[in-house]
Amino acid sequence: MSDDQILFRPLKATEKLRSVMGQYYAELDEASSTKSRKIAWCTSQGPVELLRAMGFLVYFPENHGALLGTTRRAMDFIGLANAEGYSPDVCSYLTSDIGAFLAGKTPLKEAYGVSSVPVPDVLVYNNNQCRDVQEWFEFYSRRYGVPVLGIRTPRGVEKVGSDIIDSVAGQMEELADDLARIAGGPLDLNTFCRTIERSKQTSILWKSVLETASHRPSPITFIDACFHIGPAVTLRGTDLAVSHYQDLLEELEDRISKGTGAIFRERFRIYWEGMPIWGRLRFLADTMAKMQVSLVASTYGHSWVFDAFDPNDPFYSTAKAYTELFTVRNERSKESFLLEMLKRFQVDGIIFHNSKTCPNCTNSLYGMPKRLSDRAGIPYLVVDGDLNDLRCFSQEQTLTNLEAFVEMLAQ
Ligand code: SF4
């Protein structure tokens with residue numbers, strides 16, 4: 001294929017990513033079948049460092065939900081969860097994952113040669129992102145007969161003050177006591193601090209990866225980030241994640257030095273606000289690249305950047321890291337964050353994804369697009385869709401809307 005036929009340039013690190021995620025799932029599979037290690041399930045912005053430091057291997061149902069989406073298997077299973085009484089209106093990660101459990105199926109086999117999801121010894125959620133994760137974990141607690149433990153984080157706040165962080169840190173200390181009974185021993189503070197140090201390194205590297213998109217042309221797109229976010233979600237606190245992002249960053253810096261963009265020609269730069277539409281990432285990648293539009297940055301990618309980790313203050317800094325999140329904040333704080341992102345990545349427009357089953361990560365419902373557009377002086381588009389439930393998404397309608405939006409940018 002000649003260079004002018006290339007729409008986007010695949011990253012070499014993507015080949016390695018498959019092996020990294022394969023190692024992660026193989027270790028869980030081995031522990032699940034031999035019972036050699038205890039397994040904790042955790043929400044994606046939960047206190048994974050605490051779990052790892054206490055000797056658990058950690059599995060994230062949300063990553064399984066995303067895999068159900070990207071492999072387009074989600075639609076086979078959502079109906080089964082609906083029949084069990086889980087509404088089509090609730091998180092389609094939850095419904096597709098529970099549906100797959102009810103069907104006894106998983107895409108992990110085709111993806112990584114792993115035949116089943118690992119059986120948990122304990123389920124640990126943090127409702128900093130939404131209520132759905134709590135209900136999701138309660139389902140599995142009933143099914144597997146294992147304890148479910150939770151961190152309750154106040155949401156919709158403007159400032160995350162020390163009163164809130166102290167409360168979350170206190171819950172984490174209580175959680176460590178509860179987990180000690182399941183782990184068979186108390187938390188070793190030194191191991192906890194070392195795990196936090198590796199999470200901090202992971203976060204710094206992941207942030208640096210995302211920040212390369214401030215260059216023109218951008219060496220990475222939101223679509224690349226959707227895949228490479230995997231280790232930041234599932235492997236933070238491990239050397240494997242650190243090494244993956246070191247390699248990825250090196251490749252992106254090489255692209256910058258050569259002036260090589262992630263897409264063949266970057267005419268416009270756009271910010272993606274909201275969840276990915278997992279089953280249509282390829283459509284979005286092709287469509288945008290054909291129109292010479294680079295989706296340079298997203299709120300989603302930056303949701304796994306945790307600035308607060310400090311190994312010298314393990315509980316407080318972990319609580320701070322998982323409470324300062326975008327999803328925890330009120331509209332005013334979110335608006336300030338987004339305004340800063342639009343400037344930093346020098347975007348020409350912003351696309352809001354109105355994800356029908358995730359109002360928690362949808363920010364187009366209370367006037368934000370217009371307010372932000374007025375303040376930043378750039379146009380916006382709202383795309384109706386969903387993370388996994390493709391009944392909520394019309395490809396034809398979206399294509400028409402994207403084409404009209406880019407035409408407007410051109411004018
Ligand atoms: S934040 Fe949204 S996508 Fe994530 S678990 Fe909650 S409802 Fe589902």
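All of the numbers you see were taken from the coordinates with simple rules; none came from a lab. If you're wondering where the values come from, they're calculated on a predicted model, not measured in any experiment. Using ideal geometry, Cβ is built from the backbone for each residue, glycine included, and neighbour counts are taken over all protein chains shown.
Counting only residues 5 or more places away or on other chains, whose amide H sits under 5 Å from the amide H of LEU295 once H atoms are built in the peptide plane?
Counting only residues 5 or more places away or on other chains, the set is PHE222, ILE270.
How far is it, in nm, from the label point at THR191 to the one at ASP384 when both lie 7 Å from their Cα along the line to the Cβ?
Here the answer is 5.1 nm between the modelled labels.
With only Lys, Arg, Asp and Glu charged, each at its Cβ (+1 for the first two, -1 for the last two), find how big the charge dipole of the range 296-373 is about the Cα centre; round to the nearest 20 debye.
380
Round to the nearest 0.05 the FRET efficiency obtained for GLU138 and GLU173 when R0 = 22 Å and r is the Cβ-Cβ distance.
0.40
Treat each spin label as a single point 7 Å out from the Cα along the C-beta direction, and report the ARG344 to GLN395 distance in nm.
3.4
Please label the shape of the range 1-132 as rounded, prolate or oblate, based on the square roots a ≥ b ≥ c of the eigenvalues of the alpha-carbon gyration tensor (a/c under 1.5 means rounded; beyond that, a/b larger than b/c means prolate, else oblate).
Oblate, since a/c reaches 1.5 and b/c is not below a/b.
Using the beta-carbon distance between PHE337 and ASP89 and R0 = 25 Å, what value does 1/(1 + (r/R0)^6) give for FRET efficiency, to the nearest 0.05?
The value I calculate is 0.40.
Taking amide H atoms as placed 1.01 Å from N in the peptide plane, list the residues 5 or more away in sequence, or in a different chain, whose amide H sits under 5 Å from that of VAL124.
Counting only residues 5 or more places away or on other chains, the set is TRP41, CYS42, THR43, LEU149.
Ranking SER203, SER19 by Cβ neighbours within 10 Å, fewest first, what do you get?
SER19, SER203
Once phi is turned into ³J(HN,Hα) by the Karplus curve 6.51 cos²θ - 1.76 cosθ + 1.60 with θ = phi - 60°, what whole-Hz value does each residue of the range 51-57 show in order, with x for glycine and proline?
Each residue's phi maps through the Karplus curve to give 5, 5, 5, 8, x, 7, 8 Hz.
Assuming R0 = 25 Å, can you tell me the calculated FRET efficiency for the pair SER373 and GLU253, based on Cβ-Cβ distance, to the nearest 0.05?
According to the calculation, E is roughly 0.15.
I'd like the chymotrypsin sites (Phe, Trp or Tyr not before Pro) in the range 325-396 restricted to DSSP loop residues with at most 15 other Cβ atoms within 10 Å, sorted by number.
TYR366
In whole Hz, what ³J(HN,Hα) sequence does the range 189-197 give by Karplus (6.51, -1.76, 1.60; θ = phi - 60°), x for Gly and Pro?
Here the 3J(HN,Hα) series is 4, 5, 5, 4, 5, 5, 5, 5, 4 Hz.
Fewest to most neighbouring Cβ within 10 Å: what's the order for LEU80, LEU102, LEU284?
Fewest to most other Cβ atoms nearby, the residues stand as LEU102, LEU80, LEU284.
Could I have the simple spin-label model distance between LYS159 and ALA26, label points 7 Å from Cα toward Cβ, reported in nm to one decimal?
5.1
Under 8 Å for C-alpha pairs, at least 6 residues apart: give me the relative contact order for the chain, rounded to a whole percent.
19
Place a +1 charge on the Cβ of each Lys and Arg in the range 7-410 and a -1 charge on the Cβ of each Asp and Glu, then give the dipole magnitude about the Cα centre in debye, rounded to the nearest 20.
680
Which of rounded, prolate, oblate describes the range 313-409, given a ≥ b ≥ c as roots of the alpha-carbon gyration tensor eigenvalues and a/c under 1.5 marking rounded, otherwise prolate only if a/b is larger than b/c?
Since a/c reaches 1.5 but b/c is at least a/b, the shape of the range 313-409 is classed as oblate.
Farthest toward the dipole's positive end in the chain, which of GLY279, PRO88, LEU189, given Cβ charges of +1 (Lys, Arg) and -1 (Asp, Glu) about the Cα centre?
GLY279
Is the shape of the range 133-281 rounded, prolate or oblate, going by the alpha carbon gyration tensor and its root eigenvalues a ≥ b ≥ c, with a/c under 1.5 for rounded and a/b larger than b/c for prolate?
Judged from the Cα gyration tensor, the range 133-281 comes out prolate (a/c at least 1.5, a/b above b/c).
By counting other Cβ atoms within 10 Å of each Cβ, how are ARG142, ARG37 ranked from fewest to most?
So the ranking, lowest neighbour count to highest, is ARG142, ARG37.
Taking amide hydrogens as modeled 1.01 Å from N in the peptide plane, which residues meet the under 5 Å criterion relative to VAL382, leaving out close sequence neighbours?
So VAL382 has HN proximity to PHE352.
Can you compute 3J(HN,Hα) from phi for each residue in the range 206-217, using the Karplus curve 6.51 cos²θ - 1.76 cosθ + 1.60 with θ = phi - 60°, rounded to whole Hz and x for Gly and Pro?
4, 4, 4, 4, 5, 5, 4, 5, 6, 7, 10, x
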